[in-house]
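The values are calculated or read from the model by the stated rules, or taken from the named source; none is laboratory data. Since the structure is predicted, the reported quantities are computational estimates derived from the model, not experimental observations. When we count neighbours, we look across all protein chains shown, and the Cβ atoms used for this are built from the backbone with ideal geometry, even at glycine. Only protein heavy atoms, including side chains, enter the accessible area calculation; ligands, DNA and RNA are left aside. Shrake-Rupley method; radii C 1.70, N 1.55, O 1.52, S 1.80 Å.
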Amino acid sequence: MRDHDLAVAVATAMPLSPLRTQDQARLATRLRLAATRSWNGFLLLVTEEAGHGRALLFAPVYMGLGSILWFGAGADPPPQTVAVALLVFAAAFFFKQHAGPWLRHLLLAGMLTCFGMALAQCEAWRASTVMLDSPVTTTVTGRVERRESYDNGRWRYVVRVDATEKPAIRRPPERVTIFVRKQSAPFDLGDRIQGRARLTPPAGPALPGLNDFAFASYFNGIGANGFAYGTPTLISPAGDNAEGSIVDKADIWLAGLRNGIGDRIRRTLPGDTGAFAAALVTDERRAISTETTEALRTAGLTHIIAISGLNMALSAGIFYVGLRYFLSLFSGVAQAWPTKKIAAFGALVTVTAYYLISGFGVSAERAFIMMAIMLVAVLFDRPSISLRNVALSAIVILVLSPSQALGPSFQMSYAATLALVSGYSLWKRRRHREHVLSRFKLLRPLLFISRFFGGVLSTSFIGGASTAIFSIEHFHRLATYGLAANLAAMPVVSFIVMPFGMLAMLLMPFGLDAPFWKVTGEGLEIVIVIARTVAGWDGDITFGRQPAWLMPTFIAGFLVMTLLRTGIRHVGVLLLLGSVAAAALGSGVRRPDLIISEDGTMVALVRDGALATNRERLPDFIFEQWQRALALTDHRMPVMLPSDSQLPQIGKSDRNRRLNAGEQDTVRKAMDAALDQAGEGGFACQKRAWCVAMLDNGDMLVIIEDAAYLPSACETANIVVTPVRLRLDRCRSGAKLFTGATLRQTGSIEMNLNSDKPTIRAAFENLARPWNLHRAYDWRTGTFTVPATPMSPVSDNGE
């Protein structure tokens, strides 16, 4: 009997003859035998994998998972529960020495996960940042701790607040950032200043599920952002402020040194070139123009600006190779002294100095720890490039700052590093053969050039491919021509920019740095030209939000592929490719029908592949995030209605005015009539008064600028939005009401209306987390009112 006939019989459930029944039994036996062999083979691979001793590589994975679980919880997990779980897993792990490898690994995973949760709790306690609860205009008195220049002449100051007045903030933040628009000469670090400023709390997510900027501000110690009205007044210069600990004074001295270096570079190299060079040294990136920054981002070259692993590796490598070559010129020194370790120690001192003047940024801290561990490994005759060193650096960073595990910088940096080091390990294990060109001396330079560009090509491809999904997840965009841009720019950075920049820094104390900065500037000009050229190819693709399961599945497959050594890693490849294919072939995340910003000033309808908004001039910071997250580029402007003398005129002095019955009736009629004048699927707006729109489900939406229009809006519309902070949360008519007060607690809102039960999704489900608790603060009573119910209910009637 043929196998084809048997398969057809089984598939169609046909009755089999005795002969066919015997064939089916043999086939089943063969399948069971094959399954047994496969399972035994898998167990052998697991045993072999355990023999490689790679449990350390998974330690930062489990610690990071614990941190993510703690930060992602709806409320702070009880510290006692976390501590007890940690002790139980630790005791079981250390006392079960003779348990099987599976149980031992599970106990290790549980212990490290609980340890990561405990670290996250400790970091939240350690930060304890006081966040401003609501926008306020006040007079701020404080001391300048940081400053950074912008390309348009503005200055950004980090100020430690000493006092506020007119009004005095009952719960003032300890540190705020203040922008000063026009200033002839900047304040020095340590100066005590005073000025009128508009302060606002750190922004929440532009859409539910997007980046929460308040989270980063909380762990960076920044409680509010704002701008100054005019130029603040200098109360006392830095020399007169004797208060502060030795650590604070050392911090201010280092920040002053950093600013002085940046100012000197920008004086030597004006324009974007000088700002670019200063960014490579001091991490002051805001002085680079918006056009150049966007070109670098579109071309996939922003990693050059950030002080990250690339910059640290080039600095350490250049100094290490240069010093070792210099020492090799003296035969006595080369034979009597360990020049390799001396060069490694010199490189360690170099990267330490680089880190100290870089401003202690997140990416610089991570790159310094990673490079320091690699150089210390050289001092102890251990391999410098290994997955163990990468794991050790990740463990150190997660112990110091576990909140970084949620950031795109941490994830993209370690994804690229893991992929490169894992690829390097595979390359080392392969059999190397002598290249035919190496036999001819005249062709050896050609071999060197081909290997260099081949290395740049392979590292750029591996780094770009490993970080692509993270770029899509966090930024909803991907630079498709990044490989070509890096292939053209990296030789310039490696052979011109970094070497001459390092020589300039070494000669700066002697005043001999200017010629070397000129050469560095020429190299950076080439990089900028490359970035603008590649950006002109329109290779920046917007992807929009991805399914929630994609990132965990991709990361799991990626870790299995890069951390394991046996054939089990191929399972990771299948998981990785399968997740990407499923996301590409799937329908994706459904777009909402209605979007409301967290302050209620901006509302958008998603219709026919476009965003219809209620404002002509939109804040780019919010609107661009909406466009990228929803993969929508078209913007439908509102129809602005002509002014009507019959409508009541409400000015700034009429803040508490109430409309009489006749005026309310006039406004209702005007709102109803405006629907006929609205553009197709858009808004019709009466300037500085209200906007109306008809939703796809037949409901009417009204946005009002003043509370005086609230009675008319509630009687006319099904959904009312106003930025005014009212104590109401529902209209008497039953219409859904979103006010500045309710949006303060829920954050941004998105609604899906085309269903039997319209759904409402809020950025914050509850406020019982340290970085969101300020939204529940009532300055009138001085207490926190944390809602006990979720923020995005779906009622039975769909309201």
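Scan segment 607-625 residue by residue and report those that are more than 20 Å from GLY747 (Cα to Cα), open to solvent by 60 Å² or more (accessible area, probe 1.4 Å) and of a type in the set (Lys, Arg). Of everything in segment 607-625, just one residue is more than 20 Å from GLY747 (Cα to Cα), open to solvent by 60 Å² or more (accessible area, probe 1.4 Å) and of a type in the set (Lys, Arg), namely ARG617. Somewhere in segment 300-318, is a residue open to solvent by less than 40 Å² (accessible area, probe 1.4 Å), β-branched (Val, Ile, Thr) and part of a helix (DSSP H, G or I)? Yes, segment 300-318 contains at least one residue that is open to solvent by less than 40 Å² (accessible area, probe 1.4 Å), β-branched (Val, Ile, Thr) and part of a helix (DSSP H, G or I).
ALA344 satisfies every condition listed in (1) open to solvent by 40 Å² or more (accessible area, probe 1.4 Å); (2) among the hydrophobic types (A, V, I, L, M, F, W, C); (3) assigned to a helix (DSSP H, G or I) except (1).
Of the residues making up segment 72-95, those that are crowded, with 20+ Cβ neighbours inside 10 Å and either more than 30 Å from the chain's Cα centre (by Cα) or among the basic types (Lys, Arg) (or both) are PHE89, PHE93.
Need a quick list: strands (runs of 3 or more DSSP E) entirely within segment 663-726 having at least 1 residues that are among the β-branched types (Val, Ile, Thr) and open to solvent by less than 30 Å² (accessible area, probe 1.4 Å).
Result: 690-694, 700-704, 719-721.
Given the options THR742, THR785, name the one that is at pLDDT below 90 and of a type in the set (Ser, Thr, Tyr).
So the residue among THR742, THR785 that is at pLDDT below 90 and of a type in the set (Ser, Thr, Tyr) is THR785.
The set of residues in segment 158-204 that are under 27 Å from PHE475 (Cα atoms) and in contact with a Phe, Trp or Tyr (Cβ under 8 Å, 6 or more places away or on another chain) comprises THR177, ILE178, PHE179, PRO202, ALA203, GLY204.
Does HIS98 satisfy the condition of being part of a loop (DSSP other than H, G, I, E, B), at pLDDT below 95 and open to solvent by 50 Å² or more (accessible area, probe 1.4 Å)? Full working, then the answer.
Details: part of a loop (DSSP other than H, G, I, E, B): yes; at pLDDT below 95: yes; open to solvent by 50 Å² or more (accessible area, probe 1.4 Å): yes.
Judged against the criteria, HIS98 is a match.
If only residues of segment 383-411 that are open to solvent by less than 50 Å² (accessible area, probe 1.4 Å) and over 23 Å from ALA124 (Cα atoms) are counted, the one that is modelled with the lowest pLDDT is SER384. Please go through segment 753-781 and pick out each residue that is open to solvent by 30 Å² or more (accessible area, probe 1.4 Å) and at pLDDT below 90. Once the filter is applied, which keeps residues that are open to solvent by 30 Å² or more (accessible area, probe 1.4 Å) and at pLDDT below 90, segment 753-781 yields ASN754, SER755, ASP756, LYS757, THR759, GLU765, ASN766, ALA768, ASP778, TRP779, ARG780, THR781. Annotation for segment 148-168: at least one member residue is open to solvent by 50 Å² or more (accessible area, probe 1.4 Å), at positive phi and touching a strand residue (DSSP E or B) at 6+ places or on another chain (Cβ under 6 Å). Across segment 253-265, the number of residues qualifying as open to solvent by 40 Å² or more (accessible area, probe 1.4 Å) and in contact (Cβ under 8 Å) with a residue 24 or more places away in the chain comes to 2.
Residue by residue, here is whether (1) more than 30 Å from LEU753 (Cβ to Cβ); (2) within 23 Å of the chain's Cα centre (by Cα); (3) buried (at least 19 other Cβ atoms within 10 Å of the Cβ) holds:
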| residue | (1), (2), (3) |
| --- | --- |
| ILE555 | yes, yes, yes |
| LEU559 | yes, yes, yes |
| VAL573 | yes, no, no |
| LEU605 | no, no, yes |
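Only one residue in ASP151, ASP133, ASP162 is charged (D, E, K, R) and either out of contact with any helix residue (DSSP H, G or I) (no Cβ under 8 Å at 6 or more places or on another chain) or under 27 Å from SER236 (Cα atoms) (or both). Which one? Spell out the reasoning first.
On the way: ASP151 fails: either out of contact with any helix residue (DSSP H, G or I) (no Cβ under 8 Å at 6 or more places or on another chain) or under 27 Å from SER236 (Cα atoms) (or both); ASP133 fails: either out of contact with any helix residue (DSSP H, G or I) (no Cβ under 8 Å at 6 or more places or on another chain) or under 27 Å from SER236 (Cα atoms) (or both).
Only one candidate passes the filter, namely ASP162.
In segment 111-133, what residues are under 27 Å from the mean Cα position of the chain (by Cα), free of Cβ contacts under 8 Å to residues at least 60 places away in the same chain and crowded, with 18+ Cβ neighbours inside 10 Å? If the condition is that a residue be under 27 Å from the mean Cα position of the chain (by Cα), free of Cβ contacts under 8 Å to residues at least 60 places away in the same chain and crowded, with 18+ Cβ neighbours inside 10 Å, then LEU112, THR113, CYS114, PHE115, MET117, ALA118, GLN121 are the ones that fit.
Could you count how many residues in segment 81-98 are over 18 Å from LEU119 (Cβ atoms) and of a type in the set (Phe, Trp, Tyr)? Give the steps one after another, and end with the answer.
Filtering segment 81-98 for residues over 18 Å from LEU119 (Cβ atoms) gives 91-92, 94-98.
So of that shortlist, the ones also of a type in the set (Phe, Trp, Tyr) come out as 94-95.
Matching residues across segment 81-98 total 2.
Apart from one condition, TYR354 fits all of (1) open to solvent by less than 10 Å² (accessible area, probe 1.4 Å); (2) in contact (Cβ under 8 Å) with a residue 40 or more places away in the chain; the exception is (1). Please find, within segment 623-654, the residue that is modelled with the lowest pLDDT out of those that are among the small types (Gly, Ala, Ser) and under 20 Å from VAL692 (Cα atoms). Among residues in segment 623-654 that are among the small types (Gly, Ala, Ser) and under 20 Å from VAL692 (Cα atoms), the one modelled with the lowest pLDDT is SER645.
Selection within segment 534-551: residues that are without any contact (Cβ under 8 Å) to a residue 40 or more places away in the chain and closer than 26 Å to ASP272 by Cβ. The member of this set that is least open to solvent (accessible area, probe 1.4 Å) is GLY536. Of all residues in segment 727-747, those satisfying the criterion of being open to solvent by 20 Å² or more (accessible area, probe 1.4 Å) and within 23 Å of ASN660 (Cβ to Cβ) are ARG727, LEU728, ARG732, SER733.
Conditions tested, residue by residue: (1) modelled with pLDDT of 90 or more; (2) of a type in the set (Phe, Trp, Tyr); (3) under 24 Å from the mean Cα position of the chain (by Cα).
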{"position": "ASP540", "(1), (2), (3)": "no, no, yes"}
{"position": "SER587", "(1), (2), (3)": "no, no, no"}
{"position": "ASP593", "(1), (2), (3)": "yes, no, no"}
{"position": "ASN614", "(1), (2), (3)": "yes, no, no"}
{"position": "PHE621", "(1), (2), (3)": "no, yes, yes"}
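Any idea which residue in segment 442-495 is surrounded by the fewest Cβ atoms within 10 Å (Cβ to Cβ), counting only those that are within 30 Å of LEU559 (Cβ to Cβ) and aromatic (Phe, Trp, Tyr)? It comes out as PHE461.
Of all residues being under 14 Å from ALA228 (Cβ atoms) and open to solvent by 60 Å² or more (accessible area, probe 1.4 Å) in segment 170-186, which is farthest from the chain's Cα centre (by Cα)? Just the residue, please. Going through the qualifying residues, I end up with LYS182.
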